[in-house]
1. Can you tell me which residue in the stretch 182-196 is farthest from residue 172 (Cα to Cα), limited to those that are free of Cβ contacts under 8 Å to residues at least 60 places away in the same chain and surrounded by 14 or more Cβ atoms within 10 Å (Cβ to Cβ)?
2. Can you pull out the helices (runs of 4 or more DSSP H) entirely within the stretch 82-199 that have at least 2 residues that are at pLDDT 95 or above?
3. Based on what the data block shows, is residue 201 exposed (fewer than 15 other Cβ atoms within 10 Å of the Cβ) and either over 30 Å from residue 86 (Cα atoms) or touching a Phe, Trp or Tyr at 6+ places or on another chain (Cβ under 9 Å) (or both)?
4. Suppose we filter 82, 136 for residues that are closer than 30 Å to residue 49 by Cα, in contact (Cβ under 8 Å) with a residue 24 or more places away in the chain and touching an Asp or Glu at 6+ places or on another chain (Cβ under 6 Å); which single one remains?
5. Take the residues in the stretch 200-227 that are modelled with pLDDT under 95 and of a type in the set (Val, Ile, Thr), then tell me which one is nearest to the chain's Cα centre (by Cα).
6. Just the residues that are among the polar types (S, T, N, Q) and either within 19 Å of the chain's Cα centre (by Cα) or surrounded by 11 or more Cβ atoms within 10 Å (Cβ to Cβ) (or both), please, taken from the stretch 81-136.
7. Need the failing condition index for residue 227 against (1) assigned to a helix (DSSP H, G or I); (2) within 22 Å of residue 20 (Cβ to Cβ); (3) aliphatic (A, V, I, L, M); (4) in contact (Cβ under 8 Å) with a residue 40 or more places away in the chain, just the number.
8. Of the residues that sit in the stretch 55-68 and are buried (at least 24 other Cβ atoms within 10 Å of the Cβ) and of a type outside the set (Ser, Thr, Tyr), which one is nearest to residue 6 (Cα to Cα)?
Amino acid sequence: MQYVWFIWSLIILALWALIYVSNKGVRKEMLKMSLITMPFGLTEPLFVPEYWFPPSLFDLAIKTGFDIESIIFSFAIGGIGTVLYNLIFKRSLAEIPHNERKHNRHRLHNYILFVPAIVFLILALFTSLNHIYCGTIAMFIGGLATLYCRPDLKGKIWVGGILFTVLYFIYFGSILPLYPQYVELYWNLDNLTHILIFGIPIEELIFAFTFGMYWSGIYEHIYWRKLIKSENKS
């Protein structure tokens, strides 16, 4: 069990590398968003042990709350979540003209980018919710806020959430047949709903949906890009 979390993180990193190598057209946004997402792996002490307490390299998670695996995992999902929709539906990006950026709904552009962080802090500080729920609620509201500013991303945001959930379901389930007791041993189920879907905590799938929902449109939102049809993204 000691290396399951490490192996898991390497699996998702290998998928990131496969997408990166085989799709030249998405490398820039993948790498940018992976580097932006990677520091979120340092938030692991918010979730250990209240949410879970996995064995990690050098026992870092148990000793400090931090672990190397979370940084690898965050790096990988950041890039994948950003480009998954574009790859499947063959979309590329074009710059939004400056005159379009002056539309009234863009007046809150910079503020909306910080909505998830603000919501998370409010919930974490003023409620007794497990931080996994604070995070998923924050990302869901962040996705809705993005829709206000960027209604053109409506399809990508909702479908992106579904796509990432499906991918995450397959990813999470890849290790469970080998270690069927892993969730029961290392998730703090007594602090959660105790609902498992094919052995996967429902909180993990909610995380996947809200992350995919919010992160699928974040690159376009930050860098003023819009989706256009593309015949070939490789």
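1. So the residue we want is 189.
2. The qualifying helices (runs of 4 or more DSSP H) are 115-126, 131-149, 154-173, 182-186.
3. Numbers: exposed (fewer than 15 other Cβ atoms within 10 Å of the Cβ): no; either over 30 Å from residue 86 (Cα atoms) or touching a Phe, Trp or Tyr at 6+ places or on another chain (Cβ under 9 Å) (or both): yes.
No.
4. Working: 136 fails: touching an Asp or Glu at 6+ places or on another chain (Cβ under 6 Å).
Step by step, each of 82, 136 is checked, and only 82 is closer than 30 Å to residue 49 by Cα, in contact (Cβ under 8 Å) with a residue 24 or more places away in the chain and touching an Asp or Glu at 6+ places or on another chain (Cβ under 6 Å).
5. Here the answer is 218.
6. Scanning the stretch 81-136 gives 82, 86, 92, 127, 130, 136.
7. (1)
8. So the first thing to find is which residues in the stretch 55-68 are buried (at least 24 other Cβ atoms within 10 Å of the Cβ), and the list is 56, 61, 67.
Okay, now just the ones that are also of a type outside the set (Ser, Thr, Tyr), so 61, 67.
Values: 61: 12, 67: 10 Å.
The extreme case among them is 67.
The values are calculated or read from the model by the stated rules, or taken from the named source; none is laboratory data. Since the structure is predicted, the reported quantities are computational estimates derived from the model, not experimental observations. Ideal geometry is used to build each Cβ from the backbone, glycine not excepted, and the neighbour counts take in all protein chains shown.
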